[in-house]
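Below you'll find the structure, written out as structure tokens, and then a few comments.
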Amino acid sequence: MAQNDTNKNGGNLGFEAEMFKAADKLRGNMEPSDYKHVALGLIFLKYISDAFEARHKSLLAEDPQAAEDKDEYLADNVFWVPKDARWSYLQANAKLPTIGTLIDDAMRAIEKDNESLKGVLPKDYARPALNKVMLGELIDLISGIALNEEGHASRDILGRVYEYFLGQFAGAEGKRGGEFYTPRSVVRVLVEMLEPYQGRIYDPCCGSGGMFVQSEKFVQEHGGRIGDIAIYGQESNYVTWRLAKMNLAVRGIDSDIRWNNEGSFHKDELRDLKADYILANPPFNISDWGGDRLREDVRWKFGAPPVGNANYAWLQHIVHHLAPNGTAGVVLANGSMSSTQSGEGDIRRKMVEKDVVDCMVALPGQLFYSTQIPACLWFLARNKNPGNGWRDRNGEVLFIDARKLGVLVDRTRRELSDADVKRITDTYHAWRGEPILGAYTDAPGFCRSVTLDEIRSNGHLLSPGRYVGSEEAEADEFPFEVRFTELSGQLEEHFVESARLAEVVRQALAGVKL
């Protein structure tokens with residue numbers, strides 16, 4: 001699609017931002033957490049209606065009788081939209097005081113005719129507290145999305161808007177927003193490090209599905225075929241699962257996303273799945289994950305994870321689900337790289353000795369909506385010598401210290417730029433021996449390839465700063481705000497650990513008989 005500067009068809013980069021600004025004005029005093037479902041539900045409805053209308057038009061031209069055959073649409077991965085649920089009908093009635101009821105009826109009709117959407121769509125637009133004038137204005141606003149586009153172009157623009165709105169709502173919700181959304185630049189690092197061209201992709205805590213959307217984008221941008229990847233996920237939060245189902249449907253992504261409220265540890269919906277790629281951003285340092293009920297489990301190949309912290313449960317669950325040549329990228333709190341509490345040091349030692357740790361990346365602070373705790377990326381591999389023209393990496397781990405990268409996008413949040421993502425991912429691919437990138441070399445202060453012997457001599461600690469050394473620094477290379485953010489995050493992590501230990505002590509004291 002040609003780039004242009006009109007806001008009508010979304011060709012310019014600022015289109016999504018302008019659209020969100022206008023939609024946010026309509027929100028009034030409504031909480032972002034409530035408004036999110038109102039706006040995203042309508043964008044989804046516009047998407048499936050546009051896709052239906054485009055297919056309906058082409059079928060009418062080919063065979064008018066086929067245009068009323070539901071199977072013709074399903075065969076083309078297009079949802080069937082009944083007449084009174086189509087966007088044109090809702091737009092024509094947007095100013096009626098009954099518009100909320102009409103939208104709810106449309107959502108129910110669509111769920112009834114499309115099995116994969118059952119229980120997914122929001123159906124509370126008729127509630128008295130929801131301003132019906134605002135609803136009508138929101139419908140008018142969304143009607144302008146992809147106005148002059150058809151088919152895949154319309155789908156792509158609506159997908160971009162949906163994804164942008166998700167990110168903006170996550171920012172507005174702060175800590176709660178982080179529960180359903182991983183920052184796009186972090187997802188890009190994971191996807192471009194692992195390069196999921198073909199095979200099975202899995203996320204055991206998939207949130208709103210951002211890992212999958214970026215994986216599909218990666219395949220498209222690098223000339224691959226979308227049909228070459230199969231997507232699997234699980235989510236324990238029902239509301240978030242619904243967001244994921246809509247997010248993937250807006251992108252036209254076929255997937256198997258399961259929900260149950262027990263979660264991946266206690267009710268592993270995809271027990272037999274062995275994935276080629278796993279991308280995950282589990283909740284950091286979860287203390288109430290029910291580990292006391294899972295002391296003996298086939299997944300704990302490197303040792304039973306501590307009851308008071310799920311970090312090493314996530315890592316082992318993920319290794320368990322990797323195919324023989326599978327690779328994984330996992331976002332965790334920095335404490336996971338060095339903690340020795342409750343046997344975590346022993347589990348980490350065994351993972352290093354079994355050579356499943358491939359690469360460790362320390363991230364800059366302020367990347368996440370939900371926490372100031374500093375984060376890192378673990379890259380895991382079941383086989384460090386899989387062929388593909390790559391070199392044998394057995395007995396080595398790559399450490400990347402990316403804490404100085406990133407740019408502030410507002411007062412409280414930082415993002416990795418395109419250049420930052422490229423620098424991190426190119427370093428990893430060169431180290432893996434991918435011929436197109438030339439020879440890998442260590443860069444003091446940024447990256448270093450380290451042998452298992454050296455990691456052993458450092459007590460199996462995996463913090464990149466311990467291994468990469470330092471580059472010659474000017475006196476002002478570390479601005480106060482950068483150091484302050486980093487130290488604040490570290491302090492926050494110590495507070496979390498302190499609270500956990502206090503609870504352990506309380507439980508121990510409660511068991512003392514006087």
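Values in this text are rule-based calculations from the coordinates and carry no lab data. Just so it is clear, the structure is predicted and the values come from calculations on it, not from any experiment. Note that each Cβ is placed from the backbone with ideal geometry, even for glycine, and that neighbours are counted across all protein chains shown.
Which order do peptides 347-359, 83-95, 433-445 fall in by mean Cβ count within 10 Å, highest first?
Highest to lowest by the protection proxy: 347-359, 83-95, 433-445.
Using R₀ = 35 Å, calculate the FRET efficiency as 1/(1 + (r/R₀)^6) where r is the Cβ-Cβ separation of LYS112 and VAL409; round to 0.05.
Calculated value: 0.25.
Give me the angle, in degrees from 0 to 90, between the Cα long axis of helix 480-510 and the longest principal axis of the Cα atoms of the chain, rounded to the nearest 10.
Result, in degrees: 80.
May I ask for the angle, rounded to the nearest 10°, between helix 238-250 and the longest principal axis of the chain, with both axes built from Cα atoms and the value confined to 0 to 90°?
Orientation of helix 238-250: about 70 degrees from the principal axis.
If you fit an axis through the alpha-carbon atoms of helix 418-432 and take the longest principal axis of the Cα set of the chain, what angle between them do you get, 0 to 90°, nearest 10?
Taking Cα atoms only, the helix is inclined about 50 degrees.
Which of these values of Rg and Dmax of the Cα atoms in Å was calculated from the structure shown: (1) 24.4, 86; (2) 24.9, 76; (3) 34.8, 144?
(1)
Quick one: Cα centre-to-centre distance for region 377-446 and region 66-95, in angstrom?
Cα centroid to Cα centroid, the span is 46 Å.
In nm, what is the difference between 0.36 nm times the number of residues separating LYS422 and ALA17 and their Cα-Cα distance?
Length difference between fully extended and current span is 143.3 nm.
Pull up all non-local amide H partners of ARG258: gap of 5 or more, or a different chain, and H-to-H distance under 5 Å with H placed in the peptide plane.
GLY233, GLN234, GLU235
Say R0 is 45 Å: what FRET efficiency, to the nearest 0.05, do ARG293 and ALA126 get from their beta-carbon distance?
0.60
List the pairs from LYS21/LYS267; LYS112/LYS217; LYS36/LYS350; LYS95/LYS217; LYS123/LYS422 whose alpha-carbon separation is above 32 Å, in the order I gave them.
LYS21/LYS267; LYS36/LYS350; LYS95/LYS217; LYS123/LYS422
Sort 35-45, 207-217 for me by packing, meaning the mean count of neighbouring Cβ atoms within 10 Å per residue, highest on top.
Ranking, from highest mean packing down: 207-217, 35-45.
Report the calculated FRET efficiency for ARG225 and PHE495 (r = Cβ-Cβ distance, R0 = 51 Å), to the nearest 0.05.
After rounding to 0.05, the efficiency reads 0.60.
Could the peptides 406-418, 250-262 be put in order, highest first, of the mean number of other beta-carbon atoms found within 10 Å of their residues?
Ranking, from highest mean packing down: 250-262, 406-418.
Taking LYS354 as the anchor, which lysines have their alpha carbon closer than 23 Å to its alpha carbon, excluding any fewer than eight residues away along the same chain?
Answer for LYS354, where 23 Å is the Cα cut-off: LYS274, LYS301, LYS384, listed by chain and number.
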